[in-house]
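Participant: Dropping the structure in here first, questions after.
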């Protein structure tokens with residue numbers, strides 16, 4: 001078998017330059033907005049001991065682990081999510097940092113799922129977390145950050161909505177409806193699948209734990225708020241984000257470790273899918289064996305948001321402008337006389353040292369052919385080096401204007417022509 | 001066992017914000033220089049079929065694979081290097097791109113080695129490759145790019161040198177010395193370890209294939225050049241890089257697939273180690289089952305270059321300036337009156353929307369305490385929002401100068417104060 005037939009694995013990603021530029025656009029936006037919020041970047045190991053995930057991530061993720069035994073006999077897994085590594089790292093050095101920590105991460109994650117639209121086996125996740133603060137102000141900060149990422153991509157309130165809730169609200173429901181405390185986990189699991197399960201099935205499940213679908217529907221319609229939800233909502237309104245946010249009690253999020261306020265960024269136009277989600281996980285640090293460290297965070301994956309951008313014209317236009325700019329060269333150096341190649345190389349070097357993006361004809365070619373290459377490479381300018389050296393010409397490939405300068409003045413002349 | 005005791009795996013990396021900033025500094029430099037050379041970024045899968053590496057990477061790498069069987073019964077490996085994925089991807093779509101391809105990648109790689117200084121089990125590799133061109137001009141381009149990365153980090157010719165050679169020169173030696181052709185691979189393996197093997201062992205090994213250590217030493221002292229090496233050297237001299245480059249016939253590089261010009265960036269000050277290396281691999285595409293596609297490339301790892309930067313004061317100073325800038329905030333908003341918190345949140349949002357990096361006191365705190373937080377967070381300015389709102393004050397935390405402005409003028413006033 002030749003390697004040509006060794007195709008990449010199903011659900012894994014090959015980023016050719018065009019798709020890598022799309023990926024980088026998403027990464028740049030994530031990083032840029034996180035920086036504006038004063039977040040610092042961290043990164044954990046891609047491979048971790050399987051024990052880190054078995055008990056904390058919940059059964060769904062545990063069943064999708066890429067796990068194996070390494071050469072040292074260790075039970076290891078490609079990470080399916082970032083939060084357990086974060087919690088370990090934050091607990092280990094929590095005394096060294098001023099609270100709350102504002103940390104973000106952009107990293108590859110892996111889940112053995114059936115590859116389909118929006119779900120691949122290898123994907124990138126953007127995680128933003130704030131640790132060491134119990135006030136609802138951090139929930140509001142995180143949601144504001146997520147909203148700014150969305151508006152940064154070009155999405156408006158026509159395209160997405162923030163659905164806000166609090167797992168603790170269901171404690172109130174349980175009390176009022178007389179559902180026994182030990183059924184809390186089961187109740188939350190049923191609520192999490194409210195939109196994806198048939199009503200008769202839901203009702204049977206809910207009757208089994210001492211309530212009914214009618215009671216649940218009545219409760220969600222009440223849009224009851226905990227104090228935390230009210231504060232978060234008001235703080236988002238104060239930032240001018242009120243239009244994006246609504247309370248939706250059916251949001252409880254799937255992960256086992258959430259404890260309070262939870263939210264979801266929801267595509268309300270196309271596929272009606274969650275494009276980001278997160279919430280409070282105040283007990284995770286303690287579960288991990290650390291001291292008390294209240295925390296909240298959210299995650300956004302590159303696959304779903306990438307699809308959403310591609311499907312939304314206003315967002316796609318911003319992406320396209322980025323990708324086009326990423327493929328442009330500032331200048332292409334034309335070697336009009338082979339004898340002057342060493343001088344042309346000197347010019348190439350001078351321009352690159354000035355920070356300009358430059359390519360040139362690596363081997364002898366007719367001048368017309370070199371101009372063609374310059375255009376194919378999306379160069380804005382051509383710099384022609386020929387027998388007149390140290391005199392060189394600069395040609396604007398859009399306006400066709402041409403100016404003459406010398407080797408000494410070439411950097412300045414090009415910066416002027418590009419400005 | 002609590003997760004606290006689930007430590008990260010030996011040789012794997014935990015990047016806390018300070019070390020992540022160092023990593024990002026290295027990534028930014030790699031990306032920036034590659035862009036100046038007109039290179040486009042790509043990325044392949046982190047997990048690949050093991051067959052991709054077993055026969056092409058050479059025995060050393062094959063023995064260090066993190067390989068396992070996935071849930072679908074596939075024999076898979078965490079990638080130990082990037083070139084085989086690149087070759088597969090380039091062969092698959094070679095008709096869609098104008099030659100030569102100028103592609104770079106920054107990606108995590110994995111090798112099961114004994115963790116030690118400069119060698120970890122998880123590391124990042126910067127790969128630059130040019131495909132589809134046989135002229136030595138691409139070797140010169142790649143070496144120039146590597147040199148520009150090094151000088152970008154602040155290294156000078158006192159710190160590093162480029163050692164240049166050509167595997168084909170040893171064909172000439174074999175002919176002259178009468179070494180049979182079938183011993184070529186063995187000869188290259190011995191040459192590769194010339195500096196790390198005892199002379200008597202070397203001599204015995206070389207006698208066994210029909211030559212001697214004396215003959216090899218005489219040949220390397222000759223600094224003989226192939227035509228390709230001469231062209232590369234001259235083109236680097238034309239760019240002003242002559243001082244960095246010398247011919248060293250003992251350089252043949254370890255990987256099995258190199259076919260011609262090879263080079264190494266050598267730390268000539270501290271640990272006398274290779275910090276980058278690469279060369280021609282004209283046959284890899286054909287080996288992979290594709291058509292002929294001459295190619296060359298080099299790789300630089302983040303661990304060795306990171307150590308080298310930390311150990312070299314002039315490079316360390318550039319790094320430190322970057323890390324400091326990465327931790328700075330443009331402004332910290334002081335909530336001087338809790339009643340004005342909603343207005344303060346509005347100001348925070350306005351500043352962030354203008355692209356500024358902003359933090360603030362999430363919960364009620366004394367003004368003095370908030371100023372302390374502003375300084376701990378490395379904020380350049382404090383913006384004080386109090387009872388006088390919409391009047392706000394901007395205080396420069398370095399010069400202690402204070403100016404008054406209004407909510408409407410705050411963005412402009414801050415941009416002015418930062419300029």
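No lab work stands behind these numbers, since they all come straight from the coordinates. Note that the structure is predicted; figures quoted are calculated from it, not measured. Glycine gets a Cβ as well: all are built from the backbone with ideal geometry, and neighbour counts include every protein chain shown.
Participant: What distance in nm separates the two pseudo spin-label positions at residue B:196 and residue A:415, each 7 Å out from Cα along the beta-carbon direction?
Facilitator: 4.5
Participant: Taking the convex hull of the alpha carbon atoms in the stretch A:1-121, what volume per residue do you get, in Å³?
Facilitator: Roughly 162 Å³ of hull volume per residue.
Participant: Right, another one. Just to confirm the numbers: residue B:418, label point 7 angstrom along the Cα-Cβ line, distances to the other copies in nm, shortest first?
Facilitator: Those label-point separations list as 2.3 nm.
Participant: Most mobile of B:32, B:283, B:183 per a Gaussian network model of chain B (Cα springs, under 10 Å)?
Facilitator: B:183
Participant: Of B:246, B:165, B:373, which has the largest mean-square fluctuation in a 10 Å C-alpha GNM of chain B?
Facilitator: B:373
Participant: Rounded to two decimals, what is the ratio between the C-alpha radius of gyration of the stretch A:329-418 and 2.2 N^0.38 Å?
Facilitator: Working it through for the stretch A:329-418, the quotient is 0.93.
Participant: Give the Rg (one decimal place) followed by the Dmax (whole number) of the stretch B:128-247, computed from C-alpha coordinates and expressed in Å.
Facilitator: 16.5, 46
Participant: While we're here: Given 0.36 nm per residue, what is the gain on full extension from residue A:32 to residue A:69 after removing their alpha carbon distance, in nm?
Facilitator: So the extension gain works out to 9.5 nm.
Participant: Between copies, how far does the label point of residue B:313 sit from its twins, in nm, shortest first, when each point is 7 Å from Cα along Cα→Cβ?
Facilitator: 6.2
Participant: Still on this structure, please answer the following. What nm distances, shortest first, do you get from the label point of residue B:185 to those in the other copies when the point sits 7 angstrom along Cα to Cβ?
Facilitator: Reported distances to equivalent positions: 5.6 nm.
Participant: Follow-up. What 222 nm value per residue comes from the helices of chain A, counting each DSSP H run with n ≥ 4 as -39,500 (n - 2.57) and dividing by all residues, nearest 500 deg cm²/dmol?
Facilitator: -11500 deg cm²/dmol
Participant: Going by Cα centres, the stretch A:354-386 and the stretch A:21-100 are how many Å apart?
Facilitator: Rounded to whole Å, the Cα centres lie 44 Å apart.
Participant: Would you list B:109, A:268, A:128 from fewest to most Cβ contacts within 10 Å?
Facilitator: Least crowded to most crowded, the residues run A:268, B:109, A:128.
Participant: Return the FRET efficiency for the residue pair residue B:369, residue A:182: r is the Cβ-Cβ distance, R0 is 45 Å, and the value is rounded to the nearest 0.05.
Facilitator: 0.55
Participant: Would you mind getting me the FRET efficiency between residue B:230 and residue B:354? Use the beta-carbon distance for r and R0 = 45 Å, nearest 0.05.
Facilitator: 0.20
Participant: In A, who owns the beta-carbon nearest the axis carrying A over to B, and how many Å from it?
Facilitator: Result for the A and B rotation: A:68, 2.
Participant: Volume per residue, Å³, of the convex hull around the alpha-carbon atoms of the protein assembly as shown?
Facilitator: About 184 Å³ per residue, rounded to a whole number.
Participant: Evaluate Rg over Rh across chain A, taking Cα atoms for both radii and Kirkwood's formula for Rh.
Facilitator: 1.10
Participant: Shifting gears a bit: How well do other chains shield peptide A:354-364, expressed as the mean number of their Cβ atoms within 10 Å of each residue Cβ?
Facilitator: Per-residue shielding by partner chains comes out at 4.
Participant: Would you please give the FRET efficiency between residue A:246 and residue B:212, computed as 1/(1 + (r/R0)^6) with r the Cβ-Cβ distance and R0 = 56 Å, to the nearest 0.05?
Facilitator: Rounded to the nearest 0.05, the efficiency is 0.10.
Participant: Based on the Cα coordinates of the stretch A:195-285, what is the per residue volume of their convex hull in Å³?
Facilitator: 140
Participant: Please rank A:15, B:155, fewest neighbouring Cβ atoms within 10 Å first, as an exposure proxy.
Facilitator: So the residues, fewest neighbours to most, are A:15, B:155.
Participant: For B:33-40, what's the mean count of beta carbons from other chains sitting within 10 Å of each residue's beta carbon?
Facilitator: 6
Participant: Another question about this same structure. Label residue A:399 and residue B:222 with points 7 Å out from Cα along Cα→Cβ: what is the distance between them in nm?
Facilitator: Calculated label separation equals 5.8 nm.
Participant: Another one. Per-residue Cβ counts within 10 Å, from other chains only, averaged over A:230-241: what number is that?
Facilitator: Average per residue, whole number: 3.
Participant: Among A:337, A:8, what is the fewest-to-most ranking by other Cβ atoms within 10 Å?
Facilitator: The fewest-first ordering by Cβ neighbours comes to A:337, A:8.
Participant: Please report how far the C-alpha centroid of the stretch B:203-220 lies from that of the stretch A:193-207, rounded to the nearest whole angstrom.
Facilitator: Here the two parts' Cα centres lie 80 Å apart.
Participant: Which percent, nearest 5, of DSSP beta bridges in the protein assembly as shown are antiparallel?
Facilitator: Beta bridges within the protein assembly as shown, antiparallel portion: roughly 80 percent.
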